[in-house]
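Peer 1: Below you'll find the structure I mean.
Read-outs throughout are calculated quantities, based only on the coordinates presented, and are distinct from any laboratory measurement. Source: prediction; values computed, not measured. Here Cβ is always computed from backbone atoms with ideal geometry, including for glycine, and neighbour counts include all displayed protein chains.
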Amino acid sequence: MRNKLKRSISFLPLLFAFIAFNSSAQSAPSFTANSIIYVSKLGDNSDGSTWAKSFNTIQEALDAIPDSQGGYNIIIRPDTYFEANLFPKFKGTKGSYNSLIGDFDGSFGSGTSGHVVIDSGDPKQKGFKSYDWWSAFHATQQGWSKEHKDETFSAIGWDRWSLRHLYVTGGDAGLFWDGTDQVEPFTIIVEDCIGIGRAFGGGVANVLSRPEEPIVFRRCTLWSLDWWGDTASAYIRIENEAMPNVPDIYFEDCTLVSPQCSMKAGNYGFNTYIHIKLERCSLITLNFSQPHGTPTDGIIQSVEDGKLLLVDLEDCSLMGYKVFGVKVKKETEKDIQYTTSGSVQAYIQFQQEMPEGFHRLARWPVDIFENISPSAPKRHTMPVEEKKLFRRDMSEVTPIVWKGRLCVLECNRPPSGGTMKDYYITLKDLKTDEEIAHFAEGYGLGSAFVHDEQLYVTASRFENSNWNDVTIFQSADLKKWSQKVIIKQDRDEHLFNSSVSSGPDGFIMAYESNDPEYPAFTIKFAQSYDLKKWFILPDAVFGTNRYTACPTIRYVDGFYYLLYLENRSPGHYYDTFIARSSNLKNWERSSANPVLTAHGLDEGINASDPDIIEWNGKTMLFYGVGDQYTWMNVKYNLYDKSMKDFFQSWFQSPGIPDVGTKAGIINK
């Protein structure tokens, strides 16, 4: 029989009262507004004092902490941050922890909600990086492997930090801290986080604990992805010379998932004692191998010797091949010490012994297995009433109302290459799919605009394998067409997508340029009073410091609203953003961006080329999905609101001033 820990009757209530007191008392600290440092990719990367002035990376915010007094709080806007090996400039202090917090529900004013993802993948954008040791939090030691020639670095700098609402993944470990050569007292509080790593989802190593300030993981989901070698969803190594009377570390309301083991204590050659407390946790070890296969040594493991581990379980559920195990001295499995209280149950392989104090589950525990995947927070956005695939093998479309019929202008072209004959524009009835017009051979990237019963189409000419100038086509009957080049590109420039809107000063065109003066695609503006003669606004250029493309412009209730594409780099994923301006001089981006992002199995990495219309009091938003290279399909979202309501809904929170804009002056 396994060694279920024996305590005297008088000592047990005292012990668990102490545990309960410490666990509940060790909560994430509160803080004041003047101690906040903001992180957002929409900020201007100046000083982090407001959302508009946010640092763009987490490491920049960590470097900005001015002193060792503690109480500094870094608030991060939901987004994906490609960062690895993070380290703070200063520790926290007793009673005044530093914090790293994701604004997952928008309660800190970021203007959006969702996961704050710290992706520690390969910095050259090659994907998941497994390298001993490459993870979210910096720790390395010379001699770990022949590749490790850098100086030894300890994660002890994270002492007395609190982390909340973070999603950490992409490398060897998620929410894991290694003290390496600085074996010192260490406390970390991790709440409402997700940690995914090749080796470890979370944990600590090479540290000492503080009985009065224990390490806490609370309401976390921790995954390890590897079955080979030193891996576990939660890995713990506290360097105690004797077994402590109170736990070193608490796991409360956590889900621990791994193909090898859910909880591992110690390591090869380490004879240190570790005390772990698990409350209301689900431990799911995916290895249910047959005995003659490669079964796990246990859902809960002590690596070197069973006597080195003490684990207290309260109201916990376990799934896996067997409950307890030892990697090295397998015969000492019986020496693992444990206590059980409340409901402690396990679903294991039918031939394995069930330890005393555990209730054996006979049927598949559906509710436990459902805990594998944490629920995703919802983004602040307008609810979609309907979402459908509209066209395959197409990218640019414009919905319009032509003589009372809801129609769509379609730009027909191959994904790349081809001749001018492969490029043309059609107008179709959206309901019946009847082709009403076929014109503009050799043109594409078009957009339509109806005014005074005339249809106007702006498009770019495909010639010499590139897009050139902006040409306007005009017709009253869709049979006879006039055409004229209205925007000529400069010598080293090409012009792409365009869009026209009426406004208080005539008509405004937004058009896409690859002007070499700027680092990527930018959006320029032109003005006309009669849709025939156009004036370029030379000082109005949107997005001069980043990739901005595929514009759609509308004037609604005092603002020009601009839907456009941003290439979110690193990572190279393409999202549709929104910005607005009352004068084409000063723009603000919605803090709730992006409006559209690729989701699901059929959308690739791209949600681009937006166009929008109001029809029967509802808003239809068309956009392209694909991989930006070989394929593209068109979808549309239907919103049960007017276009005015749709646009305004993205600016319910303060906007972000756009620093990548040249001021424009409307010509009178």
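Peer 1: Would you be so kind as to identify which of A265, W587, Q59 lies farthest towards the positive end of the dipole of the chain, taking Lys and Arg as +1 and Asp and Glu as -1 on Cβ and the Cα centre as origin?
Peer 2: The listed residue farthest towards the positive side: W587.
Peer 1: Continuing with the same structure: What is the Cα convex hull volume of the chain when expressed per residue in Å³?
Peer 2: It is 185 Å³ per residue.
Peer 1: List, in the order given, every pair from K431/K479; K89/K307; K533/K662; K41/K124 whose Cα-Cα distance in the structure shown is over 30 Å.
Peer 2: Listed pairs above 30 Å: K89/K307.
Peer 1: Per DSSP H run of n ≥ 4, the term is -39500 (n - 2.57); total these for the chain, divide by its residue number, and report the mean residue ellipticity at 222 nm rounded to 500 deg cm²/dmol.
Peer 2: Mean residue ellipticity at 222 nm (helix-derived): -1500 deg cm²/dmol.
Peer 1: Mind running the shape call on region 141-183? Use the C-alpha gyration tensor, a ≥ b ≥ c as the square roots of the eigenvalues: rounded below 1.5 for a/c, prolate if a/b tops b/c, oblate otherwise.
Peer 2: Oblate shape, in that a/c is at least 1.5 and b/c is the bigger or equal ratio.
Peer 1: So, one more: Label-point separation (nm) for K533 and D645, each offset 7 Å from Cα along Cα-to-Cβ?
Peer 2: 4.3
Peer 1: Follow-up. Would any residue of region 141-178 have its amide N under 13 Å from a label point 7 Å out along Cα→Cβ of F87? List them or say none.
Peer 2: 141-142, 150-159, 178
Peer 1: Hey, if you drop one equal point scatterer on each alpha-carbon of region 393-662 and run the Debye formula without solvent, what base-10 log of I(q)/I(0) do you get at q = 0.11, 0.15, 0.16 Å⁻¹?
Peer 2: -0.56, -1.14, -1.34
Peer 1: Between region 446-477 and region 331-349, how far is it from one alpha carbon centroid to the other, in angstrom?
Peer 2: 73
Peer 1: As an exercise, use a Förster radius of 56 Å and the Cβ-Cβ distance of Q454 and Y131 to find the FRET efficiency, rounded to the nearest 0.05.
Peer 2: After rounding, the FRET efficiency stands at 0.35.
Peer 1: Let me ask something else about it. What does the extension gain come out to for E493 and S68, with contour length at 0.36 nm per residue minus their alpha carbon separation?
Peer 2: Stretched fully, the E493-S68 segment lengthens by 147.8 nm.
Peer 1: What is the distance in Å between the Cα centroid of region 291-323 and that of region 107-130?
Peer 2: A separation of 32 Å, based on Cα centres.
Peer 1: Once Rh for region 198-287 is found with the Kirkwood sum over Cα pairs, what is the Stokes-Einstein diffusion coefficient at 20 °C and 1.002 mPa s, in µm²/s?
Peer 2: In µm²/s, the coefficient rounds to 164.
Peer 1: In units of 2.2 N^0.38 Å, what is the alpha-carbon radius of gyration of region 11-372?
Peer 2: It is 0.97.
Peer 1: Ok, one more. Over all directions, the average projected area of the alpha-carbon convex hull for region 380-459 comes to how many nm²?
Peer 2: For region 380-459, averaging the hull's shadow over all directions gives 7.0 nm².
Peer 1: FRET efficiency for S35 and N583, Cβ-Cβ distance as r, R0 = 51 Å, nearest 0.05?
Peer 2: 0.85
Peer 1: Which value in nm describes the separation of the simple spin-label points at H292 and D557, placed 7 Å from the Cα toward the beta carbon?
Peer 2: 7.3
Peer 1: Please list, short to long, the whole-number percent of alpha-carbon pairs of region 169-217 in consecutive 5 angstrom bins beginning at zero.
Peer 2: Per 5 Å bin, starting at zero, the Cα-Cα P(r) for region 169-217 comes out as 6, 21, 26, 23, 17, 6, 1 percent.
Peer 1: L601 to I436: extension gain in nm, 0.36 nm per residue of separation minus the Cα-Cα distance?
Peer 2: Between L601 and I436, full extension yields 56.1 nm more.
Peer 1: Between W228 and D105, 0.36 nm times their residue separation minus their Cα-Cα distance comes to what?
Peer 2: Separation in residues times 0.36 nm, less the Cα-Cα distance, equals 40.6 nm.
Peer 1: How high is the FRET efficiency between S482 and K53 when r is their beta carbon distance and R₀ equals 60 Å, given to the nearest 0.05?
Peer 2: Working from the Cβ atoms, E equals 0.75.
Peer 1: Compute the acute angle (0 to 90°) between the alpha-carbon long axis of helix 11-25 and the principal axis of greatest extent of the alpha-carbon atoms of the chain; round to the nearest 10°.
Peer 2: 20
Peer 1: Another question, if that's okay. Rounded to two decimals, what is Rg over Rh for region 114-201 when you use alpha-carbon atoms and the Kirkwood radius?
Peer 2: On the Cα set of region 114-201, Rg over Rh gives 0.98.
Peer 1: While we're looking at this one, here's another question. Quick one: Cα convex hull volume of region 213-360, Å³ per residue?
Peer 2: 98
Peer 1: Between S416 and V328, with labels modelled 7 Å along Cα→Cβ, what's the label distance in nm to one decimal, could you check?
Peer 2: Spacing of the two 7 Å Cα→Cβ label points: 5.5 nm.
Peer 1: Where does region 487-572 land on Rg/Rh, using Cα atoms and the Kirkwood Rh?
Peer 2: Checking Rg against Rh, the ratio lands at 0.98.
Peer 1: Just to check, using Stokes-Einstein with a Kirkwood Rh over alpha carbon pairs, what's the diffusion coefficient of region 35-109 at 4 °C and 1.567 mPa s in µm²/s?
Peer 2: It diffuses with D of about 105 µm²/s by this estimate.
Peer 1: Between rounded, prolate and oblate, where does region 46-161 land on the alpha carbon gyration tensor, with a ≥ b ≥ c its root eigenvalues, rounded for a/c under 1.5, else prolate if a/b exceeds b/c?
Peer 2: It comes out oblate by the Cα gyration axes.
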